[in-house]
Amino acid sequence: MENSRIENTFNSIKQNHRKALIAHITAGYPNLQSLMPIMQSLQAGGADILQIGIPFLDPVGDAPIVQKASQKAIENHFTIGDFFRTLTNIRQEIQSPIVLKAYYTSIFGYGEDKFIDECSASGTDAVTVPDLPLEESSSLREKLHTHGIPLIYTMVPASTERMNAIAHVSQEFIYLLPEYNPDEKTFIDGINNFARKVRDITQLPLCLGMELSDHESFKTVSSGAQIDGLLIGDILMKKICSAVEKGAFTSITEQLEQAVKGFYSLQAIR
Amino acid sequence: MIPNAKAKFGEFGGQYVPEVVMQALIELDEAFNDAINDEQFIKEYHYYLSEYDGRPTPLYYAENLTKKLGGAKIYLKREDLNHTGAHKINNALGQILLAKRMGKKRIIAETGAGQHGVATATVAAMFGMDCEIFMGAEDVERQRLNVFRMELLGAKVRSVTSGSSTLKDAVNEAIKDWAANINDTFYLIGSAVGPYPYPLMVREFQKVIGEEARKQIIEKENRLPDYVVACVGGGSNAIGIFYPFVGDKEVKLVGVEAAGKGLDTNMHAATFNRGTVGIIHGMKTYLLQSPDGEITAPYSIAAGLDYPGVGPEHSYLKETNRATYESATDEEALEAFETLSKVEGIIPALESAHAVAYAMKKAPELSKNHIIVVNLSGRGDKDVQQVAKIKGIEEE
């Protein structure tokens, strides 16, 4: 079987001895038309994997800036149907893997089967669902798998039994969410201890599911943490929001590209 | 019924939460199951229910109301006589005892109008725990007196400005806080909603209402009632009184939702009469939502019924036709509020007035040998100012 875009990405990153840079943005803000240029700028800046969040009004895991953008998107009549139509066009222009992040509330509301069909038709490479733990995920996962689309799980430090069970059904990569600690060394040690335990049970690439928002922490984690990918997101949304508020949207693609480049250049070579 | 291994009531309920919250739910589930099977724990819970809360509450024959309506006999389960004025304290006591048993030091809770916040702040004060109440900024503004009450009881009230700044946003923020402080914090949910084990746990701590009522009606009438009626927002007072009657097939269970300005307007909280199945606050249940699963804003004159979802066990009772869910409008609730006050000298909470309104509609249709038990879940002192304003008696 041919390798997927995600597998190819991690293979090439491994060969280049660096970590994958995952750039996350929320769709529909300021509007759906802007999604294509935004994605292009993230790719041009060096992001290896592009993750798109479907706006949702009642998120339990999102930063205030993302909530605000989501709310505006929905006020501007964002619909999941329109989103998939846009994504299908974007897929023609973007070679990087695209991961969708959607709350299960939205997926269930839209219709699980319809959502999966649209993922498949639009060339989505993976789906991650923050409010769908292992216990509730089998139906969605199995249906996605029949279309060759993995469901990306998040692991937190838990019992070995639970981590085993999650690893067992995971494909392509896993997000790790370690306990945050303001002390840098303790934090990095925590990530590494956690990652070591997970590596004992799976060969899959492990990415940090916690968004890094400044250069300093990115640099520290990039050089110290024994993991395969890092996530940035809130910082990109902040740039988009502030450009929109200043009415300077035309410069946003340039700004985003530079921002991603900034993080890319901070990556430690292993 | 006991939820199956997947934490469901039929297809409803479950645990639609982030992985980090799952860790807390797993810990909670173990601790809860351990506790309710421990005689010592149950004894302690009942000790506080009787000594601190004032249980058992009476099952009062509303003779004047019955005569006025000229039909079925109406009994009121007087949950309004609980300490703090509503059934909410039953659950708050149970959960805080569990929190204590788990070694937690900090209690958080969400509140809409402030009733559950006050009940939580009350028990936190008594057990000497730190307490933080999440409340939508809109509600903080509308319910200043309850905010003061919670602060008087030593709680910190955190005003939530995300989303629509109401109850559902307060729940989201409380879940986030819990996820971030899972080691020392206990999230005390106020209704029979949320991810498993909350709906089950809240029912277990509220079923005392139905257990007492069942025993009391048999003592008084030597038989079971024909109807058990309760208002439904999230559904904790309803599941509390329904559950012990679920096995009694001849007893009709009727939940009454808020029809607000009318079921055909967009101003109601009639989750069953106008909603569809979806996901909200970690559970699969009926809710008011847009076609993309965005939760739509509910409305009711009674803040405690103003919730877009409903407890998953109610969805199951509806789906299996064991209970039916009717509705009462603001207007009908107000009429019941006034009637009960005038005829029985009991001012009901506007929430409970919805259940009374249904009984007032139903009783005249039934012959005198029928019995209706109404759960009078709370007292209406908190609503007097609002009703006065609606009637133009008092300007705010």
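The values are calculated or read from the model by the stated rules, or taken from the named source; none is laboratory data. Computed from a predicted structure; not experimentally measured. Here Cβ is always computed from backbone atoms with ideal geometry, including for glycine, and neighbour counts include all displayed protein chains. All accessible areas refer to the heavy atoms of the entire protein, side chains included, with ligands and DNA or RNA removed. Shrake-Rupley method; radii C 1.70, N 1.55, O 1.52, S 1.80 Å.
Between the helical axis of B:19-36 and the dominant principal axis of chain B, each derived from Cα atoms, what acute angle in degrees is found, rounded to the nearest 10? Tilt of helix B:19-36: around 60 degrees. Which of the lysines could a cross-linker bridge to B:K104, judged by Cα under 29 Å and excluding same-chain residues fewer than eight apart? Those lysines meeting the cut-off are A:K185, A:K197, B:K6, B:K8, B:K43, B:K88, B:K156, B:K168, B:K176, B:K207, B:K284.
GNM on chain A, C-alpha springs below 10 Å: top fluctuator among A:P59, A:P30, A:P182? It is A:P182.
Per residue of chain A, what 222 nm ellipticity follows from adding -39500 (n - 2.57) for every DSSP H run with n ≥ 4, rounded to the nearest 500?
On the way: 12 runs with 137 residues, N = 270.
The per-residue figure over chain A is -15500 deg cm²/dmol.
Using heavy atoms of the protein chains and a probe of 1.4 Å, the accessible area assigned to B:L145 is about 110 Å².
Farthest toward the positive end of the dipole of the protein assembly as shown, out of B:S367, A:T160, A:V127, is the Cα of B:S367, where the dipole comes from beta carbon charges about the Cα centre. Neighbours of B:F32, meaning other residues whose beta-carbon lies under 12 angstrom from its beta-carbon, give a summed charge of -4 when Lys and Arg score +1 and Asp and Glu score -1.
Relative to the longest principal axis of the Cα atoms of chain B, helix B:208-221 runs at roughly 20 degrees.
The charge dipole of region B:156-307, taken about its Cα centre with unit charges on the Cβ of Lys, Arg, Asp and Glu (plus for the first two, minus for the last two), comes to roughly 100 debye. The calculated 222 nm mean residue ellipticity attributable to helices in chain B amounts to -12500 deg cm²/dmol, summing -39500 (n - 2.57) over DSSP H runs of n ≥ 4 and dividing by all residues. Farthest towards the positive end of the charge dipole of region A:183-270, among the residues A:F194, A:I252, A:I235, is the Cα of A:F194, using unit charges on the Cβ of Lys, Arg, Asp and Glu.
By its C-alpha gyration tensor, with a ≥ b ≥ c as the square roots of the eigenvalues, how is chain B shaped: rounded for a/c under 1.5, else prolate for a/b larger than b/c, else oblate? In terms of gyration-tensor shape, rounded.
The alpha-carbon atoms of region A:67-148 define a convex hull whose volume equals 104 cubic angstrom per residue.
Quick one: Debye curve from the C-alpha atoms of region A:42-184, no solvent, what's log10 I(q)/I(0) at q = 0.09, 0.11, 0.12 Å⁻¹? Here the Debye-derived log intensity ratios amount to -0.29, -0.44, -0.53. Averaged per residue, region B:178-304 has 30 square angstrom of accessible surface, using a 1.4 angstrom probe with ligands and nucleic acids left out. In the elastic network of chain B, a GNM with C-alpha springs shorter than 10 Å, the most mobile of B:V228, B:V202, B:V246 is B:V246. Selection among B:T66, B:G136, B:N146 by position relative to the dipole of region B:54-199 gives B:T66 as farthest towards the positive end (Cβ unit charges, Cα centre).
Calculated from the alpha-carbon coordinates, the protein assembly as shown shows an Rg and a Dmax of 26.5, 86 Å respectively.
Result for chain A in a Gaussian network model with C-alpha springs under 10 Å: among A:G247, A:G229, A:G209, the largest mean-square fluctuation is at A:G247.
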